[in-house]
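Report on one structure; see the data block that follows.
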Amino acid sequence: MMKKVCIIGIGLIGGSLAKAIKKTHQSEIVFGFGRDKSRLEKAQKSNVIDQYSTDIGEALDGANMVIIATPVGSYESIFKEMKPHIVEDMIISDVGSTKVSVIEAVKAVFGNTLDNFIPAHPIAGKEKVGFEVSDADLFLNRKVIITPLENNNPDSIKILAKMWEGVGAEVDFMTPQSHDDLLGMTSHLPHMLAFSLVNYLISKHPEASVYAAGGFKDFSRIASGDAIMWRDICLHNRDAIIAHIKGYQESLNTLVDAIDSQNKEQLESLFREAKNTRDSWID
């Protein structure tokens with residue numbers, strides 16, 4: 001058991017991880033750091049965290065592991081605050097949805113990659129935000145991608161992986177570049193489509209939502225995601241997101257051509273292939 005785990009940012013993911021670590025008895029103390037003292041106090045009273053501070057030095061003091069759970073656009077400033085308080089045996093990781101930009105933020109502050117820092121990303125979440133909707137079981141049977149750096153200590157990587165496995169996650173390893181491309185397709189692109197669909201609906205017919213049934217609600221659910229978080233993801237995984245939006249536009253063009261030419265066979269083939277693929281994922 002670790003003595004102290006510090007989580008920077010007690011929102012949905014940070015709060016869920018805090019609860020999960022407490023539930024699985026992996027640390028004597030789960031410590032929260034943030035800017036808003038009143039929010040941290042509420043999180044403590046809700047038994048999300050054990051202790052808290054708005055002072056980064058106090059938060060990191062004695063921590064075996066530090067997890068950054070804030071929007072990726074904030075990482076560079078957080079690393080600057082952390083820098084004077086990092087000690088050699090402290091394991092530092094994150095939950096950010098982009099990895100290349102996070103590594104660049106480390107280099108901007110430390111001049112090179114930081115031996116202590118092991119990038120990671122749990123593939124889990126909800127459309128709602130805040131520790132109020134945090135869930136100790138959020139990571140059960142969910143993937144966590146760890147993207148180790150060449151200078152990371154192998155033992156530290158094992159400890160981090162063990163922590164995630166301890167809260168019920170399945171750990172995979174890949175390069176930061178592969179992560180950003182894959183998540184750009186499977187996570188970031190669907191969110192862009194959901195945001196665009198809702199905005200398109202509003203612009204074309206503000207009252208259309210009254211007539212929206214289950215299909216629209218299912219498709220657009222993730223448009224309720226945190227605007228700041230998704231702003232930062234777009235800015236920090238720009239190339240992959242743009243590439244996959246353009247690729248999706250090509251797919252839509254194929255569909256437009258099939259509909260315009262009334263190509264029944266092609267339309268049925270496109271829909272059947274998609275259905276069979278989706279059904280195989282569910283099975």
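Since every read-out is calculated from the coordinates, none of them should be taken as a lab result. It should be emphasised that the depicted structure is a prediction, and the values quoted were computed from it without experimental measurement.
Tell me the volume per residue, in Å³, of the convex hull enclosing the alpha carbons of the chain.
It is 151 Å³ per residue.
For Asp135, what residues show an amide H to amide H distance below 5 Å, using hydrogens built from the backbone and excluding near sequence neighbours?
Sorted by chain and number, the residues that satisfy this are Ser16.
According to the square roots a ≥ b ≥ c of the eigenvalues of the Cα gyration tensor, what is the shape class of the range 178-283, taking rounded for a/c under 1.5, prolate for a/b larger than b/c otherwise, and oblate for the remainder?
oblate
Give me the number: length gained by fully extending Thr254 to Phe216, i.e. 0.36 nm times residue separation minus the C-alpha to C-alpha distance, one decimal in nm.
Taking 0.36 nm per residue and subtracting the Cα distance, the gain is 11.5 nm.
Percent relative contact order of the chain, based on C-alpha pairs within less than 8 angstrom and at least six residues apart? Spell out each step's value before the answer.
Details: 440 pairs, mean separation 47.6, N = 283.
It comes to 17 percent, rounded to a whole number.
Given H placed on each backbone N at 1.01 Å, which residues far from Lys143 in sequence or on other chains put an amide H within less than 5 Å of it?
When sequence neighbours closer than 5 places are left aside, the close amide H contacts are Ile123, Glu170.
Only Cα pairs under 8 Å and at least 6 apart count here; give the relative contact order of the range 179-282 as a rounded whole percent.
Reported as a whole number, the value is 33 percent.
Using θ = phi - 60° and the Karplus form 6.51 cos²θ - 1.76 cosθ + 1.60, what ³J(HN,Hα) does each residue of the range 138-143 get, whole Hz, x for Gly and Pro?
In residue order, the calculated couplings are 4, 9, 4, 6, 9, 6 Hz.
Which pairs break 18 Å Cα to Cα here: Lys3/Lys162; Lys19/Lys126; Lys19/Lys162; Lys83/Lys107?
Violating the 18 Å limit, Cα to Cα: no pairs.
Can you give the % of DSSP beta bridges in the chain that are antiparallel, to the nearest 5?
Beta bridges within the chain, antiparallel portion: roughly 10 percent.
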